[in-house]
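These notes concern the structure reproduced below.
Every read-out reported here was derived from the displayed coordinates using simple, explicitly stated rules and does not represent laboratory data. Just so it is clear, the structure is predicted and the values come from calculations on it, not from any experiment. Every residue, glycine as well, gets a Cβ built from its backbone with ideal geometry; the counts of neighbours run over all protein chains shown.
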Amino acid sequence: MKTLAPIAIFTYNRPDHTLITLECFSKIKLANESVLYVFCDGPKDDARDSVRQKINDVKEVVKSKKWAKEVIVIESEFNKGLAQNVTKGISSVLKKHDKVIALEDDLLIGDNFLVYMNEALNKYEKNARVKQVSGFLFPFEIKPQNSSIFLPLTNTIGWGTWKRAWEEISLDATGWEKLSTDKKLRRAFNLNNSYDYSKMLESQMNNNNFGSWAIKYWWSVFKTDGVVLYPDYPMIQHNDFDNSGQHGSIDDHYVKEGWDVTYEITHFPDLIEVNYKALAALQKHLRKYSPYTLKNIFLQLKLRLLKKKSW
């Protein structure tokens, strides 16, 4: 295997989550051969003493053990916020390295996660259409075959990328306004209207406090017809067990029931093309949680109530 990609973990004020993630990380294959960067965000100006204490507790957790071959801790004296902490952190790592693996502070990590990520980052390093490697997979119906697939959607829960792909990213979301007038473009960006990503992007661009840099990432990759490599079974699990993160989650939207921590990926496709069977299954899954679906349910209930009143 070529040079291993460094890993970046982003933390803030959740010492319990951070400890679980780091303990899990330190036990997986290749962790003891890897360089780990830990970015610790700082307190807001009006942060309560209890929050400041949690931020300090996180730093103590991070410094309590040697979680990898080398651990580099970057502490911020002020609060950058999730978006700035991640994007600037990734950029700083990629000034020194050609590739990076990024993790959140609330993950359970499979034994073979780093093996899969490094093999994929090495294999597709020079393929311009491949923009990202994901270790996460939504729990939609797909037969596990120890393989990987290409899908047209980015992920920011546990992922990796290259300097050449990151330098293409435009986080100012240039041209996003076209989504409001071009129905065909909007439908494609929303994965055949399976989820309202266009609304998420609009909310982000009109409200700096919305906080989702990830939707701008997806827009940038979408515009270049980029694809992302996914495992056919999740190599990581979201572990926000108390819903304390900035962006909470619905468990069955993110978590694979009966998750196998020992699962491995042994096959990587040579042909760079979207797996449309898997894409259809993903779209079906997303529709269960989509504002489109919820809006339709609301309209159906409203029609039923109107019919009853007309009787």
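Among the listed pairs 66/99; 2/277; 2/44, which have their C-alpha atoms separated by more than 29 angstrom in this model?
Numbers: 66/99 22 Å; 2/277 32 Å; 2/44 41 Å.
Correct reply: 2/277; 2/44.
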> If the label point is 7 Å along Cα→Cβ of residue 3, which residues in the range 76-116 have backbone nitrogen under 18 Å from it?
Replying inline: 90-102
> Considering only the chain, what is the antiparallel percent among its DSSP beta bridges, to the nearest 5?
Replying inline: 40 percent
>> If R₀ is 41 angstrom, what is the calculated FRET efficiency for the pair residue 203 and residue 64, using the beta carbon separation as r and rounding to 0.05?
In response: 0.60
>> Which trypsin sites (Lys or Arg not before Pro) in the range 101-166 sit in a loop by DSSP (not H, G, I, E or B) and have at most 15 other Cβ atoms within 10 Å of their own Cβ?
In response: 126, 129
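Can you list which of the GluC sites (Glu not before Pro) found in the range 94-143 are DSSP loop residues with at most 11 other C-beta atoms within 10 Å?
Here the GluC sites (Glu not before Pro) that fit, given the DSSP loop and packing criteria, are 141.
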> Which of 254, 276, 37 comes first, and how do the rest follow, when ranked by fewest Cβ neighbours within 10 Å?
Replying inline: 276, 254, 37
>> Just to confirm the number: angle between the C-alpha axis of helix 213-223 and the first principal axis of the chain, 0 to 90 degrees, nearest 10?
In response: 70 degrees
>> At 0.36 nm per residue, and after removing the present C-alpha to C-alpha distance, how many nm does the segment from residue 167 to residue 98 gain when stretched out fully?
In response: 23.7 nm
>> Under a crude label model (7 Å from the Cα following the beta-carbon direction), how far is residue 264 from residue 74 in nanometres?
In response: 3.3 nm
>> How big is the dipole moment of the chain about its Cα centre under a simple scheme where the beta carbon of each Lys and Arg is +1, that of each Asp and Glu is -1, and everything else is neutral? Debye, nearest 20, please.
In response: 1300 debye
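With 10 angstrom as the radius, rank 174, 262 by how many other C-beta atoms surround their C-beta, starting from the fewest.
262, 174
Taking 27 Å as the cut-off for C-alpha to C-alpha distance, list the pairs among 96/216; 69/216; 27/284 that go past it.
69/216; 27/284
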> Which whole-Hz couplings ³J(HN,Hα) result when phi for each residue of the range 87-98 is put into the Karplus expression 6.51 cos²θ - 1.76 cosθ + 1.60, θ = phi - 60°, listed in order with x for Gly and Pro?
Replying inline: 5, 6, x, 4, 4, 5, 5, 6, 6, 10, 10, 8
> Among [x] 6, 29, 36, 21, 7, 1, 0; [y] 6, 26, 35, 23, 8, 2, 1, 0; [z] 5, 17, 18, 14, 12, 15, 13, 5, 0, which is the computed P(r) over Cα pairs in 10 Å bins from 0, in percent?
Replying inline: [y]
> Given H placed 1.01 Å from N in the peptide plane, which residues other than close sequence neighbours of residue 99 have an amide H under 5 Å from its amide H?
Replying inline: 163
